[in-house]
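Colleague: Below is the structure I would like to discuss, written out as structure tokens.
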Amino acid sequence: MAQHIDGKLVSKKILENLSDEILFLDKKPCLAVIIVGEDPASQIYVNLKKKKAFELGIKSIVEPMPADTSQQELFNKIEQLNNDSSVNAILVQLPLPEHIDTKAVLEKINPIKDVDCFHPYNVGRIATGTKPYVYPCTPKGIIRLLEYYNINIEGKHAVVIGRSNIVGRPVAQMLLNENATVTICHSKTKNLADITKTADIIISAVGQKNLLKADMIKEGAVVVDVGMNRTEEGKLCGDVDFYNVEQKASFITPVPGGVGPMTICSLMQNTFDLYKIQNKY
Ligand code: NAD
């Protein structure tokens, strides 16, 4: 039976330390969040970030912009925040409306304020095995969970399911930098089970409930479930058939309470880390 990896516990410990460090600062770290349009899920995420920042003594500025904001207007807003020395971290809430070129927008953020690690400068640093200013939030949270539970990465076969810029690709690069042998699977991968069965560590970041079943893993595998889906009853669940997989795995992250709390925790830590870099702290 697998040991549960408790993201709530680990994130609580990290945030307690962070809050202690921030308490003694005269000038507080500042996170600016730009939200374009009124997507209800995005509004919820932004409010959660604002609330968490407030609890920790991090200043947060929310910059709401209407859904018909032009790309140039958004560039101008980013430029203004880039030039504002009181702002340490900039986050553009995704997804953006369709008429806006997301990649171009993310490239406008000054890499030293790129709290999500989406700028090609920071992404490229990870890809070349060099430190970015800060690591992307969800992948950073995943690596911290593995470290906390003393799960060795070096020499292990890590299979990442999903190749998004936000989770799959960066976490694969980060596992490679930790000397894992990494395989990336995606929607066009053939015979997924043949690959996952050879994995020591599986990271599933797809968004499809019951994608990973017990007969797709080997005995004792470590299973990290990034997926966020809803059951028919409306309950939050991951990509993994949790009940059956936990009988066979050695470690497993539950949903909720696994990777989720680590993501917002990394965002707060990243804001503070950028503050420290900018203030040569
Ligand atoms: P995405 O939607 O951008 O991409 C999904 C990926 O899954 C794609 O790369 C695709 O190729 C792959 N995929 C689709 N069907 C597949 C299949 N049958 N077999 C193998 N691969 C397949 O993904 P994302 O933004 O990385 O999000 C993935 C999931 O993780 C979502 O449920 C999202 O809500 C969740 N998520 C959770 C957190 C968190 O903090 N817990 C953070 C980010 C994303």
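Colleague: Using amide H atoms built in the peptide plane, which far-off residues or other-chain residues are under 5 Å from Ile161 H to H?
Modeller: Counting only residues 5 or more places away or on other chains, the set is Cys185, Ile203, Ser204, Ala205.
Colleague: Going by amide H atoms built from the backbone, whose H comes under 5 Å of the H on Ile151, apart from near neighbours?
Modeller: HN-HN under 5 Å from Ile151: empty list.
Colleague: Something else about it: Just order 166-174, 154-162, 243-251 by mean Cβ neighbour count inside 10 Å, highest at the front, would you?
Modeller: 166-174, 154-162, 243-251
Colleague: Same structure again: What helices in the chain pass both tests, a Cα length along the helix axis of 15 Å or more and a mean Kyte hydropathy of -1.0 or higher, using whole DSSP H runs?
Modeller: Flagged H segments are 7-23, 40-56, 137-148, 259-278.
Colleague: A further question on this structure: What does the charge count around His186 come to, taking other residues whose C-beta lies under 12 Å from its C-beta (Lys +1, Arg +1, Asp -1, Glu -1)?
Modeller: Result for the neighbourhood of His186: +4.
Colleague: To make sure I understand the rule: partners must be aspartates and glutamates, Cα under 19 Å from the Cα of Lys103, and not fewer than 8 residues away in the same chain. Which ones qualify?
Modeller: Answer for Lys103, where 19 Å is the Cα cut-off: Asp68, Glu73, Glu79, Asp114, Asp116, listed by chain and number.
Colleague: Continuing with this model, one more query. Please give the net charge around Met65, taking every other residue with its beta carbon less than 10 angstrom from that of Met65, where Lys and Arg add +1 and Asp and Glu add -1.
Modeller: Summing Lys and Arg as +1 and Asp and Glu as -1 gives -2.
Colleague: Can you give me the Cα centroid spacing of segment 150-211 and segment 6-42 in angstrom?
Modeller: 28 Å
Colleague: Then there's this: Given axes a ≥ b ≥ c from the Cα gyration tensor, I'd like to know whether segment 137-260 is rounded (a/c under 1.5), prolate (a/b larger than b/c) or oblate.
Modeller: Verdict is rounded for segment 137-260.
Colleague: Highest first, please rank the peptides 146-153, 184-191, 258-265 by the mean number of other Cβ atoms sitting within 10 Å of their residues.
Modeller: Sorting 146-153, 184-191, 258-265 by mean packing, highest first, produces 258-265, 146-153, 184-191.
Colleague: Volume per residue, Å³, of the convex hull around the alpha-carbon atoms of the chain?
Modeller: Cα convex hull per residue, to the nearest whole number: 133 Å³.
Colleague: Taking the alpha-carbon distance from Lys213 and a cut-off under 16 Å, which aspartates and glutamates remain once sequence neighbours fewer than 8 residues away in the same chain are dropped?
Modeller: Cα-Cα hits under 16 Å: Asp194, Asp200, Asp225, Asp239, Asp241, Glu246.
Colleague: Another question, if that's okay. For the residue pair Lys51 and Lys280, what label-to-label distance in nm results when each label sits 7 Å from Cα along the Cα-to-beta-carbon direction?
Modeller: Distance between label points: 4.0 nm.
Colleague: Let me ask something else. So what is the calculated 222 nm ellipticity per residue for the chain, using -39500 (n - 2.57) for each DSSP H run with n of 4 or more, over all residues, to the nearest 500 deg cm²/dmol?
Modeller: -12500 deg cm²/dmol
Colleague: Search the structure for amide H atoms under 5 Å from the amide H of Asn229, placed 1.01 Å from N in the peptide plane, and list their residues when 5 or more places away or on another chain.
Modeller: Sorted by chain and number, the residues that satisfy this are Cys237, Gly238.
Colleague: Give Lys131/Lys209; Lys77/Lys188; Lys13/Lys108; Lys51/Lys276; Lys131/Lys280 a once-over and call out the pairs whose C-alpha atoms are over 28 Å from each other.
Modeller: Too far apart for the 28 Å limit: Lys131/Lys209; Lys77/Lys188; Lys13/Lys108.
Colleague: Going by a ≥ b ≥ c, the root eigenvalues of the Cα gyration tensor, does segment 28-110 fall in the rounded group (a/c under 1.5), the prolate group (a/b larger than b/c) or the oblate group?
Modeller: Judged from the Cα gyration tensor, segment 28-110 comes out oblate (a/c at least 1.5, b/c at or above a/b).
Colleague: Here's something else I'd like to know. Report the full-extension gain for the segment Ala127 to Glu147: residue separation times 0.36 nm, less the Cα-Cα distance, to one decimal in nm.
Modeller: This chain segment gains 5.1 nm when fully extended.
Colleague: Using the Cα centre of the chain as origin and beta-carbon charges of +1 (Lys, Arg) and -1 (Asp, Glu), tell me which of Tyr149, Ser11, Asn47 is placed farthest towards the positive end of the dipole.
Modeller: Tyr149
Colleague: Summarise the accessible area of the chain (1.4 Å probe, protein heavy atoms) by the percent that is carbon and sulfur.
Modeller: Carbon plus sulfur share of accessible area: 52 percent.
The values are calculated or read from the model by the stated rules, or taken from the named source; none is laboratory data. If you're wondering where the values come from, they're calculated on a predicted model, not measured in any experiment. Note: ideal-geometry Cβ built from the backbone for every residue, glycine included; neighbour counts use all protein chains shown. In case anyone asks, the SASA skips ligands and DNA or RNA and just uses the protein heavy atoms, side chains included. Shrake-Rupley method; radii C 1.70, N 1.55, O 1.52, S 1.80 Å.
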